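All remarks here apply to the structure that follows.
The values are calculated or read from the model by the stated rules, or taken from the named source; none is laboratory data. All figures in this text were calculated on a predicted structure; none of them were measured in a lab. Note that we place each Cβ from the backbone using ideal geometry, even for glycine, and neighbour counts take in every protein chain shown. Accessible surface areas use protein heavy atoms only, side chains included; no ligands, DNA or RNA. Shrake-Rupley method; radii C 1.70, N 1.55, O 1.52, S 1.80 Å.
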Amino acid sequence: MRKSIFVIAGIAASVMGAPAAYANVTCEPGYCVDDSTNALAPKASFNVSPDAAATDPSYRGSISANIGNTISSVGAFTDTFNFQLFQDGVGGGTVTTVASLFHNATDLDFTSVLINGVAAAITRDAQGIVETVSASGVTLLAGVNSIVVNGNSRGNGSYGGSISFTPSVPETATWGMMILGFVGMGAAMRYRRKSTKVAFA
């Protein structure tokens, strides 16, 4: 009897002292928080490159980002990655999870990945150990956009991925080169018109 009380007390102490599970996370570039406690979620990440892309409205170049999380709880999870774009464009990327063994603690299953509410394609290998979500040519509009990763974790599953964005409006340097090209073509056409004379005999 005494031994079983110590065992139960030990189990209770280990459960109460266990780190909090971050089952539902909301991320913005640079930080992620647990939805239930509003505490930082240290196992989740959302890194954007270049840094100015996330905060500077005048930035007009391409953007790349890495997202990921380790789910340290058993059951369903939802991770939301919110990001601000300052111009329209096209995006794409992949998110992958790989388990060491089928249905062990590191196995994580995607149920859906939504980009602004539109489902991305999920592919699984024959054993169900490797799952990949991919999308390309996705139209992204200026303003707040989101990627929502839904799935089931068996206790210590993780996923990671990379996304990229290309603006549909040319950058300032590109506009300058195009205008210079049009001026050059116009000058060449004007020069040809002056030097071309037709004479009939």
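Couplings 3J(HN,Hα) for the stretch 45-50, derived from phi with the Karplus relation 6.51 cos²θ - 1.76 cosθ + 1.60 (θ = phi - 60°), are 9, 8, 10, 10, 10, x Hz, where x marks Gly and Pro.
The value of relative contact order for the stretch 34-170, using C-alpha pairs under 8 Å at least six residues apart, is 37 percent.
With the convex hull drawn over the C-alpha atoms of the stretch 23-158, the volume per residue is 101 Å³. Probing with 1.4 Å while keeping every protein chain in the model, the per residue accessible area of the stretch 85-150 equals 47 Å². Over all other residues within a Cβ to Cβ distance under 15 Å of Gly155, the charged ones net out to 0, with Lys and Arg as +1 and Asp and Glu as -1.
Here the stretch 20-156 has 56 percent of its accessible surface on carbon and sulfur atoms, given a 1.4 Å probe and all protein chains in place. Can you find, among Phe102, Gly117, Leu40, the residue farthest towards the positive end of the dipole of the stretch 24-125? Put +1 on the C-beta of Lys and Arg, -1 on that of Asp and Glu. Comparing the listed Cα positions along the dipole, Phe102 ranks first.
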